[in-house]
Every structure is written in structure tokens, then in C-alpha cells.
1. Would you list, by chain and number, the lysines whose Cα falls below 24 Å from the Cα of A:Lys128, excluding same-chain residues fewer than 8 positions away?
2. Normalised by the residues of chain A, what does the relative contact order come to in percent, with Cα pairs under 8 Å and at least six apart?
3. Where the centre of each part is set by its Cα atoms, how far does segment B:276-350 sit from segment B:180-232, in angstrom?
4. Can you bin the protein assembly as shown into rounded, prolate or oblate? Criterion: square roots of the alpha carbon gyration tensor eigenvalues sorted a ≥ b ≥ c, rounded for a/c under 1.5, prolate for a/b above b/c, oblate for the rest.
5. For segment B:75-154 and segment B:157-171, what is the centre-to-centre distance using only Cα atoms, to the nearest Å?
6. Take B:Val477, project a point 7 Å from its Cα along the Cβ direction, then tell me which residues of segment A:133-148 have their backbone nitrogen under 20 Å from it.
7. Starting from the Cα of A:Asp138, move 7 Å in the Cα-to-Cβ direction to define the label point; list residues of segment B:597-620 whose amide nitrogen is under 13 Å from there.
8. Taking the beta-carbon count within 10 Å as an exposure proxy, list A:Met111, B:Met514 from fewest neighbours to most.
Amino acid sequence: MDRITLDGINLTLANPIELPLRWVGDEELLRQLLAAWMVIDERDIPFNPRLIGKPGVGKTTLAYAAAKRLERKVYLFQATMDTRPEDLIVTPVIGPEGTIQYAASSLVSAMISGGVLILDEGNRMSEKAWASLAPLLDDRRYVESIITGLRIQAHPDFRIVVTMNEDSSTFEVPEYIHSRLQPQLFIDFPEAEEELAILKENLPFASTSILNYVVQFLQRGHAADEPYSVRDGINIARYALKMMTATEKDPRELLPLAVERILGEEALRYLK
Amino acid sequence: MPDRLYLEQFGNVHALPILHYRMEFAHLVREAFETVKPDCIALELPQTLEQQFLRGVRRLPEISVLAYHVAAQSVFLIIEPADPLIEGARLALENQVPLHLVDIDLDSYPSHPEQLPDSYSVQRIGLEPFYREVAKLYREIPPGEEDLRRERGMAYRLRQLSAQHERILFICGMAHLERIRQDFDTPQAQPLTRTRREGITIFNLHPECCHEVLAEYPFLSALYETRRSPLPPEPAPGGPSLRKSFNAFELILGGKQNIPEEEALAESVQRSAHRIGPEGELPDRQKIILRLFLESARHYRQETGDKVHFWQKRAFFRFARNYALLSRMLLPDLFQMLAAARGCLDDNFAYAFFRLAAHYPWQRDVADIPTLRLSAAELWSATKRIRFRPREQVRAKGLSRLKMMNRKEEKRPGDWLEGFDDPYICSYPPEDLNIEEYGRNLKRIGARQLSEEASKSEPFSSSLLDGIDMRETLRNVHEGKIYVRENKRLKSGVGCVVVILDEDKEGAKYPYCMTWLGEHAQESDMAFYATPPTDNIVGPGISRCEYGGFLLSYPPRRMVDVWHDPDYRYALSKSEHLLMAALDYSLEKDVVYAAAKSPRSFLKQHAARLGKRIIYLPLGSLSPVALKKLRAFHILYGRDKRDIAKDYIW
């Protein structure tokens, strides 16, 4: 873990993450995210985009792929309902000799090192937590830690992206945060060809016929506005393949069982 | 000679180097025509197409598609106004100058996927430096055999023409001009080429396909076309609106007016044509985008009642600029602008933007020649392509994937008014569920706010209460005490909810005041003020209204008409009216009042006298997207409309 001293206060920085994710979906979306982060002058400031879509459509993967395209360190912060402002910035922890030490969150670590922060499921956070990010998301680009009294300025290379699920709890962010989280990039369910490519990328050991079968199932689900995502498709195919190894049955025979176990009985009507 | 124009001269040939299908070059053709005053115009098109091509040019401003088959492939040539070759042909016909198509006709020609600079740079730096750079780029690309054959053929024809005419204006793609110039100086043999081509057909392009297959999007083409002739007078403000409305008496009398959507869009085109620069000047593409944005914002406001904020406008232009720059262009194309409209505003704005961008006033689906539907996918698939025009293949890609384009439209003007025969009105159930859920959410927020106000921290004495208050402990670390926090629970519940989206101080914007009783035990009674239902028709028997403010009261079936209740005569505005009713009907102590401004102290005192309390929530602390979803609601004329409403409600 790296340490840094800011205005006489020692901060422990979080480590960036490395994930085996590759974006095989719509290249235009990747370009849109990069366009949102782009600056054309040192006086220009980047956007703070948000990625919106149903669960499992690849929002985090897209954000990670775009950050890697920029060759930056990637930090991830999973927001929850009980995320407090100090969790987002600096948290005091008790050191080995009973002393108080300060741990910088992944957000602050990304700000200091000029990395990319993916704020996952941002809509789950309370307004209070969002309020602490307000100065970071506008021209000021800093955060204030109440616990340490520090004002931490973001590195010019720092970028942030917020992912949000498109369900009933989405968008519950107040107006002043809404105007700071622009633009909104919508990720829809992929087309059949893209869906097959994503499945192939994740399950390179599966036969194309099984993946095609899963894609057809998913496409029928999308047409009926069901929330079945490509992540569900991967799980279905993976489960069927594992069962095949265990039972030596044909995986196509096992697919209804896999669909039922992953998505429930009501999903069986989309199998043909 | 105008600064932007540049002509290559060899012999008596004045050659204008162009990029195909770009509006800036179409305008430069006009300038070149004025400057050279030619007695002959030569174009980089094969003579075999001449007859049908000229028929298409004469049809302008209506757009035509010239089509023929080569083996199993279909070849299309779109005849649209903002193209330099088409402009050259038009000028020749209008001024009765002899026109010659000097290219040779080949059955196969390879496509060139080269990336050319944005034609907008001609506006800023002029044609000469632009052409020098592009010519340098082409010098590094070895020409194909087909290119060389075409260039020699054109040089041969130009030599023939130069013997017969004094000043020839030759309009030619930048890729070929340099070599044609060299070939012109050396005697050429007559090229062996096809002299006739059978099966060339000309079609009228279906208006719904214009946005996909035109190289310049229809709005820009329409502006170019409007500015070709003397400008018509600028439309006066307050013309036709895109909000489909009707007069109730007219409806009763059976008189149904035509709804002038086309007129409203055509007015936007005319107004924009005036405001993108002085008459006769090269239209500035950047200004065209600005006008498209502003006119779309106006339409968006008419239809949805939502205003485009300055920060949204700024975000749109910044994001669209970045998107274009990443594609190595100076200005965004239509797809990029639509993506920016959707990302920086919303789907409804993107729809308004698309509808205007795709509007070309002169195109009709019925014409004196057969009408053809053509999609970008057909043009660029493996078997069908446009031949003569090298252009980026990605330009229109993806437009049809934007689902918001599938909004239903009237089959004929006045069609939707026929659904208003049923005298019974009802609501749209998904919206009822939505507003009930939002009301419950506001009650939770109100209760939480009261609880937080009542919570306190104190030094630890005997009980940990609700846990250690870390922040307070650290803040007072010098005291050596541990602070604990007590979260107080709200003792009473929240009864009624009032949301004021717009105070409507003038009293004219939201004249429709109603009191509705809940249909079943799970639904609240409701009082609201809104825009009149006759003002915005969105489907057959379906009206769209916008709330100015509303009151939700649970349990249902208790509310009498609050708007005529003399108890509330002291209310100064509709919002106060609703708040007084809420205080009156609330069975619980607390009433949530969400508005931009807190209520007058008189109302707080009034609440106290009734033993009630007002929890004020500033409107800015609520989600604007959730409020926007809530703000519009629909009134259905007859219960049968509930089955079809989802197809029309957006």
C-alpha cells in the first residue's frame, strides 16, 4: 500500500484493481464514454458521465474497458445505502499502537494518483453522501475530509464514471447532483450478434451451437421486455456446461434445467 | 474572387476540386459559377446516366434516386440538393449553359475507405490550403487501374470540350484532379468504354428514408435549398405549434382542424435559414447545428412543457464536440448529435431534435414517379452500394437503433381527434401507481427529515444509545470522551403530500383544476391544477397534461371539490389552496409540502391552530428525473383507451 503525506497528515492509499474484463459490445458506447472524459485544453475539464442500464448489460465492464483504453489505473467503489460521506473520502482506522490512522478511499486514491474511479451503483447512495462529492463534480474538482480537515484536489488526469441501474431506485439523486453527472449514457440490451460475441468472450470453451441457443433465448426475453441480461445468459450456459461434465448429457438437454435454476420457472416460456 | 474559392486552371478549363456530397462544396460551385461565368459545365459523372440524371435534377427540390443493376448488385445515386455535382447540373439547367458528363462508365469500381478532413474547415481556412493538404494525401495513395482509366477518359473529354468552348467549369473530386490536369497536357486516345446503359430507373425517395440515406441530413439540405433562392420573409413569432390541440366547441360541432406539424417544422426551417448568416453567404455548419438545437428546444418546450437549461445546452455542445473530435471530425454528424441530445437532455428532446433534423419540407411519399424506400443498411451491405461517391460508411449507422424514433404519428391530420367521442374520462393506471409510489417515497423522506432533526449526540454516560458517533468523538478528542448518538423516531405519521412543481403566479398556465377520488382502497384522493387537456393531444382520445401542483390524501373517497370549498378562501394561490386542503384532510399530524419556496408563515400558524405540522422539502433536493416522469400525466377519454394508451404515451 502506498502512503502519502498531505498537509502533515499521513494517508494510506487504496490499491488499483486489475480485472479480466474486455468490452466486446458496441464500440460507439466506448467512444462516447471516452468523449465524455476528453479534454482539449488544460483549462478544459472532463465530464462526469453516468452509465445507465438494466443489471447485467455490462456497465462496469464498459467503464473498466474505457479506463484501460486510457492506460490509467482503475479504482472501484461499490456504493451502498449506508455509504457515509467519510467512507467516500477518508476513514479513520485504529493503528497497531492504538493510534488513529487515516485510510484514503478508492475515490481519493484515484484523485491523488490521476486514475479512473468507477463509482458502482451510485444511485444506491444517500443524498448526504452525494453532497460530499458536489465540489469534486464541478469546476472545483476537490473533496473535503471533515475528519482530517484536508482539502484534496483532484489530479488533472483524474476521471470518474458512475454506474446506475435502471430500476425503481435509479435517479434518486437531487437536482444539483443530477446536473453534475452528465452526460448519461444508456446501455441497452445488445443485438444478437453482439450478444453472441460477448458470450464467446466469456465462455470460449463452449460450442457455438449452445451459445446461439442461449442468444435466441435472451433475444426472446428482450423482445418481451424481460430483464434477462447477458450475465444471466453466461450463467445459464456455464451451468449447463458444468452439468454436462457431471452427467455426460447433451448440454442442450440441460439448458431448460439451467434456465429454471438461474431465472426461475417463468423464464422457460422463452425457450424453444 | 471570394476568399474561400480556389480554382485550378489548365487551358481554358477552370477546375473546382470538391469533396462529394458536402454542402460547403455545393456552395463553392455557386461561387465558382459566378466567378468564371462559364459557357460549359463538365461534371465527373458518366454520360450513360445523363437522361435520367437530368430528370432527377429537374425534380429538385424533391429528392430522387437513380438506380440500375450491375450483375447481382444494385447501384444507387441519390440526387440531393447539397451536393456539388448536382448543384453544377442545376446551375447549368437554370442558366441554359451546356452541360457535359465527362466520366466513363465502369461496371466495377473499388471503394476507397480513406479518411478525409472535415469539409467544415473550408469555411475557416478556405479551399486552397484544404485542397493542397488533401492532394498531398492522395499523392501517397497509389491509384487503381480503374481510377487511371477514368481520369484519362475525363482528360480526353475535356480536351475535346476545350476546343469548342471558351470557359469550362469542371467540377471534379479531389482524388482525381491532379492526375487529370497532368493527362490534359498530353494527347489521349479515345477511351474504350460503355456508351449505353439499359435499365436505369429513377425513383422518388420516400420522406421517411431521407435521414438515413442523404449524405447531408435533411434539415441542413433544406436550409441549403431555401437559401439557394431569395429568402422568403422570416416567419412571425407565435406561429403553428407542435402541441396538437383542439377547441372543445369545434369538436362538439364536428369540425376538426388539420394539425399543422409540417407547417411548424417548415417554419423552423425558414426561420433558421434567415439566422445562419447573410443572404448569399456560405452557410456556416456550426450555426446550423446551433439553430437546429434552439428550434428543437422550442419544440421540446411546446410538447413537454420542459425548458432546456443553460447547463444542458453547454453539455450538449461540449459532448458533441468531443465526440466529433474523437472521430477526427471538427463537427458532429447527426448520429453523434442525437447521442449527445439523449445523453445531455433526454429522449423526448432527442426525438424533437431528430424530427426536425429529419425534416425536408419538399419530400412527399407520392410523386409522379414511383417511390422507393431505401435504408442505410441496404446501401452499405455487401451486395448494394453507392458507386460514384466515396464517403464514410459509418455516417448514418445506428440511427434506426434509437428506439425513441418509433413514436406513433397520426395517419392523417385530425385522425386522433376522432377518439374524443366518449364523455367519460379516466386516468392511465401505470401513472397512478407511479404517483402513489412517489407520494409514499415523499412521506418516507419527510419522516426521515424529522427524525434527523430530532436526533442528537451526547457524551457516553450509561447507554450506547444507537451507537458511537465517530465524527463527534473525533471532533472532541481533546475531551477524552466518547460521544454516542440517539436517533429519535417520528412519533406521528405523515398524512397528506403536496407537491408544487410550478407556483403559477400568473394563474394562466395551469387553468385545469380538478379533484379526483381514488378508484379503489389502495389509491389516494387527489386534487391538482394542470394544463388543459385540450391543449396537447398525443393519441386517439388521449390528452397529455402537466401538473402545476397536486395533493395526495389517503384514505380515499373523502375529498369534496377542494377548488370550490369556501374554507380555503384565504389562499392566495393554487399552491396555498392545496396546502390548506392537505392540512384539512390529513388524518396524521404531519403534512409534506415539496415546493421551490417554503409556505408563508400564515400557513404555518394555520397548521399549528389545526394541530398539524408542515414538513417542507425544497424541490431542488428531489430527483429532477423522477419529477419529470411524474409531471406529465394523461387523461383518457373512455376506458377503452386504457388498452391502447401504452402505444401513444411517451
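Throughout, read-outs are computed from the coordinates displayed, never taken from laboratory work. Bear in mind that the values here come from a model prediction, so they are computed numbers and not experimental data. All Cβ positions, even for glycine, are placed from backbone atoms using ideal geometry, and neighbour counts span all protein chains on display.
1. Candidates past the 8-residue exclusion: B:Lys443, B:Lys456, B:Lys488, B:Lys491, B:Lys597, B:Lys628, B:Lys629.
2. Dividing the mean separation by the residue count of chain A yields 20 percent.
3. 28 Å
4. prolate
5. Spelled out, the Cα-based centre of one part sits 17 Å from the other.
6. Within reach of a label on B:Val477, which here means backbone N under 20 Å from a point 7 Å along Cα→Cβ, segment A:133-148 contributes A:144-148.
7. Taking a point 7 Å out along Cα→Cβ of A:Asp138, no residue of segment B:597-620 has its backbone N under 13 Å.
8. On the way: A:Met111 25, B:Met514 17.
Lowest count first: B:Met514, A:Met111.
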